[in-house]
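Structure first, commentary second.
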Ligand code: URA
């Protein structure tokens with residue numbers, strides 16, 4: 001028996017070096033053992049294994065490469081809690097020398113097992129992103145945020161960069177039974193395992209979560225099974241808002257009518273906006289085109305087509321009747337849209353609403369949506385500043401916009417600004433010269449262009465603003481005329 005001693009449960013590099021050494025030395029999987037730290041040996045890399053300088057035939061160092069797909073998979077599988085994960089991976093590594101295409105044989109028992117475990121790990125990471133809840137504390141350096149979490153697999157280090165990006169301006173710690181992650185606003189570091197009593201129990205932020213969850217909970221879309229799938233009961237004990245679930249569920253029928261008027265959470269709350277829950281992170285989307293707007297909604301919340309989901313609170317889908325003859329497409333949700341989950345509810349939305357009214361268009365007859373469904377931004381102090389999406393991000397998100405267009409079948413699609421124009425035309429238009437023209441779209445509807453309402457908000461000169469606004473209203477009136 002040959003034993004390799006690893007530095008920790010997630011010591012991928014240690015496993016890789018040890019496994020490679022054993023493979024080169026021809027140590028059969030039934031003879032290989034991997035052990036984490038501890039007293040048995042002196043903590044060296046190998047016990048009972050001499051350095052693999054003399055290699056038994058037929059192995060030669062230069063023959064021995066493994067596909068990158070295996071390395072990526074192994075990196076994930078190591079994070080699984082199954083005690084035999086090192087052995088499973090070594091078995092695969094052993095076989096890869098003679099079966100270089102093994103990783104493509106997904107019906108193979110070892111491959112299937114490894115893929116399944118990688119999926120479990122990925123799911124555990126998604127759940128962690130979705131269900132970590134920070135609680136406020138104070139220490140000598142001031143405000144700090146601490147969360148206790150019990151991940152299904154060892155995903156603290158894997159998910160820590162997500163929390164770093166998301167909560168850049170806050171000092172936080174995530175404590176888990178496996179280890180802890182710390183962010184001091186400059187450096188991410190990791191520490192030992194923790195216990196639940198090391199994290200504070202309750203604070204006023206609990207009330208925020210409850211309010212937030214209650215106001216974003218959509219009773220019309222209540223699907224208890226899905227909800228429990230996304231938020232398994234095991235996680236509920238650490239979620240303040242979970243206390244509301246039975247109550248909200250029971251009242252869902254009644255609230256369906258009333259929910260249309262439910263106000264968005266107050267964006268001026270002292271709670272950091274960036275700490276709104278990551279409601280989307282739980283499920284990878286399916287690749288078949290959505291057949292209903294509900295499927296679009298669910299798909300957007302689980303979307304991984306581009307990285308923008310990572311720093312947004314949630315995806316923001318279109319809103320309006322499925323029979324709408326006019327579709328208006330903006331660029332992407334802004335700060336307030338990101339928090340409320342509805343398009344055009346912030347300052348640009350107010351400009352749009354007023355102009356629609358002046359043009360004689362009832363917003364409730366229009367389907368209003370965006371080219372990109374997640375808020376792209378960068379932190380600036382406590383604020384989140386809008387960043388224009390790239391054409392790659394627009395292209396990735398066309399999957400959803402095209403689905404909305406297919407399902408709504410509007411007569412006319414009005415694009416607000418160049419990004420929306422790119423999304424409906426497939427090329428970046430010159431808005432100022434092309435506005436007012438009826439452009440034939442691929443699905444037979446009429447495409448129209450106008451400026452984005454935030455362009456009006458940015459114009460410093462009052463007279464220029466009034467002039468631009470007049471043009472905007474005229475474009476809306478022209479769009480109305482196309483509806484017949
Ligand atoms: N700007 C947009 O383009 N869309 C919104 O939903 C809000 C602001």
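Report the Cα-based extents of region 132-198 along its three principal axes, largest first, to the nearest Å.
Principal-axis extents of region 132-198 (Cα, largest first): 31, 26, 19 Å.
Stretch residue 428-residue 402 to full length: gain in nm at 0.36 nm per residue minus the Cα-Cα span? Display every interim value, and only then the final one.
Working: separation 26, 0.36 × 26 = 9.36 nm, distance 1.68 nm.
Difference between extended and current length: 7.7 nm.
Let me have the relative contact order for region 137-200, percent, based on Cα pairs under 8 Å that are six or more residues apart.
Relative contact order for region 137-200 comes out at 31 percent.
In Å³ and rounded to a whole number, note down the convex hull volume per residue for the Cα atoms of region 284-481.
Details: hull volume 22.4 nm³, N = 198.
Each residue corresponds to 113 Å³ of Cα convex hull volume.
For region 424-484, what percent of Cα pairs sit more than 14 Å apart?
Counting pairs separated by more than 14 Å, the tail of P(r) holds 60 percent.
Please compute, over every Cα-Cα pair in region 364-484, the percentage with a separation greater than 23 angstrom.
Result: 35 percent of Cα pairs exceed 23 Å.
If we count other beta carbons within 10 Å of each Cβ, what is the order of 139, 184, 338, fewest first?
139, 184, 338
Quick one: which of 25-33, 365-373 comes out on top by average Cβ neighbours within 10 Å, and what's the full order, highest first? Kindly include the intermediate steps, with their values, before the conclusion.
Details: 25-33: 16.6, 365-373: 26.1.
Order by mean packing, descending: 365-373, 25-33.
For region 315-410, with equal point scatterers placed on the C-alpha atoms only and solvent neglected, what are the log10 I(q)/I(0) values from the Debye formula at q = 0.15 1/Å, to two decimals?
For region 315-410, the Cα-only Debye profile gives -0.59.
Using packing as a proxy for protection, rank 76-83, 447-454 so that the peptide with the highest average count of other Cβ atoms within 10 Å comes first.
In descending order of packing, they fall as 447-454, 76-83.
Diagonalise the Cα gyration tensor of region 292-340 and give the resulting equivalent ellipsoid semi-axes, square root of 5 times each eigenvalue, largest first, whole Å.
Working from the Cα gyration tensor, I get semi-axes of 20, 14, 9 Å.
Would you mind ranking 122, 340, 189 by Cβ crowding within 10 Å, fewest neighbours first?
Lowest to highest Cβ neighbour count: 189, 122, 340.
Since every read-out is calculated from the coordinates, none of them should be taken as a lab result. Since the structure is predicted, the reported quantities are computational estimates derived from the model, not experimental observations. As a convention, Cβ positions derive from the backbone with ideal geometry for all residues, glycine included, and neighbour counts pool all protein chains shown.
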